[in-house]
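Trainee: Supplied in structure tokens, the structure appears directly below.
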Amino acid sequence: MSLRRFSFRSWLKCKSHISSNKQFRAGLGRGAARFYYNSGDPRSPSTVGAAHARVVDLRSDTVTKPGAAMRQAMAEAEVGDDVMGEDPTVNELQKMAADKFGMEATLFVPTGTMANLIADVVMVHCRERGDEMIVGDLSHLHIYEQGGSAQLAGVHATTVTTLPDGTFNLEELESKIRHGYPDPHYPRSRLICVENTHNIQGGRVLPLHFLQEVRALADNYGLWVHMDGARVMNAAVALGVPPSTILQHTHTVSACLSKGLGAPVGTILGGPQDFISRAVRCRKAVGGGMRQAGIIAAAGKMALEEMVGRLEEDHRNAKAFAQALLDCDPPLYTVDMTTVETNILRFYLRDTSLSSSDFCDRMAQVGDGEEAALGQAIKVLMYPHFGGSVRAVWHLEISSEDTQLAIKKLQFVANQYVKEKLSEA
């Protein structure tokens with residue numbers, strides 16, 4: 001064991017404010033700092049450090065850009081007026097998605113938030129002001145969609161505790177269902193929302209047996225089940241099943257085309273035919289009706305046809321990076337490998353005197369001596385996240401080579417940080 005490694009381990013052990021991994025997880029998402037979208041001073045990759053640095057952008061899978069083939073498909077798309085139902089490319093996309101999802105019908109909408117808000121959870125499932133939906137307290141729908149259900153439709157949300165794997169305790173879920181309607185004291189329970197994969201919990205895949213049990217509970221009480229499936233295709237690839245195997249346990253789904261699948265815009269909303277017919281009206285009411293939308297639907301078609309299989313590469317790269325965190329010497333990082341299931345990785349810093357924000361700054365800057373040590377300048381972009389963690393997300397623009405560069409950078413940052421701390425000791 002090297003003197004440097006021994007000294008740092010000893011120094012870490014003596015730090016009274018170092019938290020255990022269990023303590024890190026105790027406050028997930030329930031503290032004051034609710035990071036995800038950068039709440040600090042955003043730095044452009046081109047303005048911090050060496051201008052010629054290689055940039056590895058792990059902030060989100062939303063940063064992907066359409067490639068040449070996708071752009072060509074968009075340019076050549078046959079179009080019509082989609083509000084009139086006459087855009088052939090949109091119609092083809094909706095038919096393709098319905099077949100893949102095992103649903104009667106689907107609807108192409110501009111964004112996932114719109115799909116969750118105007119079509120599913122608010123204006124179709126919960127059709128009256130004062131209706132209630134049950135959501136996870138760490139769900140994207142509850143935290144990152146601005147409370148739109150209350151703003152726009154007067155729909156109340158009650159929460160259940162999101163467990164580390166993205167699921168709920170079913171007894172707690174059942175306890176949140178209202179009874180006795182039309183008792184004037186209470187809202188009326190209408191809907192249960194699940195999220196798959198689970199964003200905040202690090203891309204966790206909801207187990208099929210959990211979804212089956214939620215659906216059975218909902219059916220017993222006459223409720224709908226909606227899945228925020230922004231990354232449901234990642235879940236399907238991780239489980240090795242078609243998306244229809246997952247979605248058979250839900251009534252409706254929103255599935256994003258513009259994350260790991262690489263389309264520039266668009267979400268598919270799926271469900272029963274009568275549901276989609278009502279959703280069409282709701283989409284128009286909030287400005288989501290598009291005219292010659294085939295231009296962007298063509299990208300969505302390519303995303304569903306050609307981009308799903310490659311998601312496995314993102315999952316492999318995320319796991320390779322996670323393993324490198326554990327193997328790093330000096331041991332600055334910690335991660336539970338059993339939680340790394342798809343393309344989203346959350347990890348922690350063993351020394352809590354180094355905040356997740358400061359760490360992300362170090363990764364995004366070109367440090368002194370970096371080019372000499374690594375042979376090139378590397379900027380790795382990540383976000384500070386819940387509970388003092390760091391979030392990194394893999395996508396089609398991050399290759400295995402990029403992942404190895406990011407690994408080199410995290411090792412460099414660890415070495416530099418340890419040198420600084422030992423010089424202060």
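Trainee: Can you give the charge dipole size of the chain about its Cα centre, rounded to the nearest 20 debye, using +1 on the beta carbon of Lys and Arg and -1 on the beta carbon of Asp and Glu? Write down the numbers at each step before the final one.
Mentor: Values: 44 positive and 48 negative charges, 240 e Å.
Around 1160 debye, computed over the chain.
Trainee: Quick one: how many Å² of LYS408 are accessible to a 1.4 Å probe, rounded to 10?
Mentor: 80 Å²
Trainee: Could you tell me the calculated FRET efficiency between SER175 and ASP336, based on Cβ-Cβ distance and R0 = 25 angstrom, to the nearest 0.05?
Mentor: 0.30
Trainee: Then there is this: Packing-wise, with mean Cβ within 10 Å as the measure, how do 296-302, 418-424, 306-312 rank, highest first?
Mentor: Result, highest mean first: 296-302, 306-312, 418-424.
Trainee: Among the listed pairs LYS259/LYS379; LYS379/LYS409; LYS100/LYS301; LYS319/LYS408; LYS100/LYS319; LYS259/LYS301, give every one whose C-alpha distance is greater than 19 Å.
Mentor: Pairs exceeding 19 Å: LYS259/LYS379; LYS100/LYS319.
Trainee: With every protein chain kept in place and ligands, DNA and RNA left out, what is the accessible area per residue of the chain? Probe 1.4 Å, answer in Å².
Mentor: 42 Å²
Trainee: Once the dipole of the chain is set up with Lys and Arg at +1 and Asp and Glu at -1 on Cβ about the Cα centre, which of TYR333, MET290, ASN234 lies farthest towards its positive end?
Mentor: TYR333
Trainee: Taking the Cα centre of the stretch 159-259 as origin, sum charge times position over the Cβ atoms of Lys and Arg (+1) and Asp and Glu (-1), and report the length of that vector in debye to the nearest 20. Don't skip to the end; give the middle numbers.
Mentor: Numbers: 8 positive and 9 negative charges, 63 e Å.
Once rounded to the nearest 20, the dipole reads 300 debye.
Trainee: Mind checking which aspartates and glutamates have their C-alpha under 12 Å from LYS95, skipping anything on the same chain fewer than 8 residues away?
Mentor: Partners found: GLU104.
Trainee: On to the next question. Distance in nm between label sites at THR245 and ARG278, each 7 Å beyond Cα in the beta-carbon direction?
Mentor: 3.2 nm
Trainee: Amide H of THR267 versus every other amide H placed in the peptide plane: which residues, excluding those fewer than 5 positions away on the same chain, fall under 5 Å?
Mentor: VAL109, THR111, LEU257
Trainee: Sequence gap at least 6, Cα distance under 8 Å: using those rules, report the relative contact order of the chain to the nearest whole percent.
Mentor: Working: 823 pairs, mean separation 108.3, N = 425.
Once divided by the residue count of the chain, the mean separation gives 25 percent.
Trainee: Points 7 angstrom from Cα along the Cβ direction at GLU424 and GLU312: gap in nanometres?
Mentor: 4.6 nm
Trainee: In the stretch 328-411, carbon and sulfur make up what percent of the accessible area (probe 1.4 Å)?
Mentor: Carbon-and-sulfur percentage of accessible area, whole number: 44.
Trainee: VAL135: net charge of surrounding residues, Cβ under 11 Å, Lys/Arg +1, Asp/Glu -1, itself excluded?
Mentor: -4
Trainee: OK, next. What does the extension gain come out to for LEU326 and THR159, with contour length at 0.36 nm per residue minus their alpha carbon separation?
Mentor: Residue separation times 0.36 nm, minus the Cα-Cα distance, leaves 56.7 nm.
Trainee: If you take every DSSP beta bridge whose two residues both sit in the chain, what share of them, in percent to the nearest 5, is antiparallel? Mind dumping the intermediate values first?
Mentor: Numbers: 18 of 39 bridges.
The answer is about 45 percent antiparallel.
Trainee: From a point 7 Å beyond the Cα of GLN404 in the direction of its Cβ, which residues of the stretch 312-327 have a backbone N at a distance under 19 Å?
Mentor: Answer for this model: 313-327.
Trainee: A follow-up question, please. Report Rg(Cα)/(2.2 N^0.38 Å) for the stretch 267-331, keeping two decimals.
Mentor: Details: Rg = 20.1 Å, N = 65, 2.2 N^0.38 = 10.7 Å.
Normalised Cα radius of gyration, the stretch 267-331: 1.87.
Trainee: Among 209-219, 333-343, 261-271, how do they line up by average Cβ neighbours within 10 Å per residue, starting with the highest?
Mentor: 261-271, 333-343, 209-219
Trainee: Same structure again: Indicate, rounded to the nearest 5 percent, the antiparallel portion of the DSSP beta bridges found entirely in the stretch 99-235.
Mentor: Numbers: 1 of 15 bridges.
That works out to approximately 5 percent antiparallel.
Trainee: Rounded to the nearest 20 debye, what is the charge dipole size of the stretch 357-425 about its Cα centre when +1 sits on each Lys and Arg Cβ and -1 on each Asp and Glu Cβ?
Mentor: Magnitude of the dipole: close to 180 debye.
Trainee: Another question about this same structure. Determine by what factor the alpha-carbon radius of gyration of the stretch 275-425 differs from 2.2 N^0.38 Å, reporting the quotient.
Mentor: On the way: Rg = 20.4 Å, N = 151, 2.2 N^0.38 = 14.8 Å.
Compactness ratio reported: 1.38.
Trainee: Largest first and in whole Å, what are the equivalent-ellipsoid semi-axes of the stretch 95-205 based on the Cα gyration tensor, each being the root of 5 times an eigenvalue?
Mentor: They are 23, 19, 14 Å, listed largest first.
Trainee: Take every Cα-Cα pair in the chain and report what % of them are more than 42 Å apart.
Mentor: When all Cα pairs of the chain are counted, 18 percent exceed 42 Å.
Trainee: In whole Hz and in residue order, list the ³J(HN,Hα) couplings for the stretch 305-322 that follow from phi through the Karplus curve 6.51 cos²θ - 1.76 cosθ + 1.60, θ = phi - 60°; x for Gly and Pro.
Mentor: Computed from phi, the couplings for the stretch 305-322 are 7, 10, 9, 5, x, 6, 4, 4, 4, 4, 5, 5, 5, 4, 5, 5, 5, 4 Hz.
Trainee: Write down, largest first, the equivalent ellipsoid semi-axes of the stretch 340-425 in whole Å, where each equals the square root of 5 times an eigenvalue of the alpha-carbon gyration tensor.
Mentor: 22, 18, 9
The values are calculated or read from the model by the stated rules, or taken from the named source; none is laboratory data. Small disclaimer: the values here were computed from a predicted structure and weren't measured. Reconstructed Cβ throughout: ideal geometry from the backbone, glycine too, with neighbour counts over all protein chains shown. Ligands, DNA and RNA are excluded from the accessible area calculation, which covers all protein heavy atoms including side chains. Shrake-Rupley method; radii C 1.70, N 1.55, O 1.52, S 1.80 Å.
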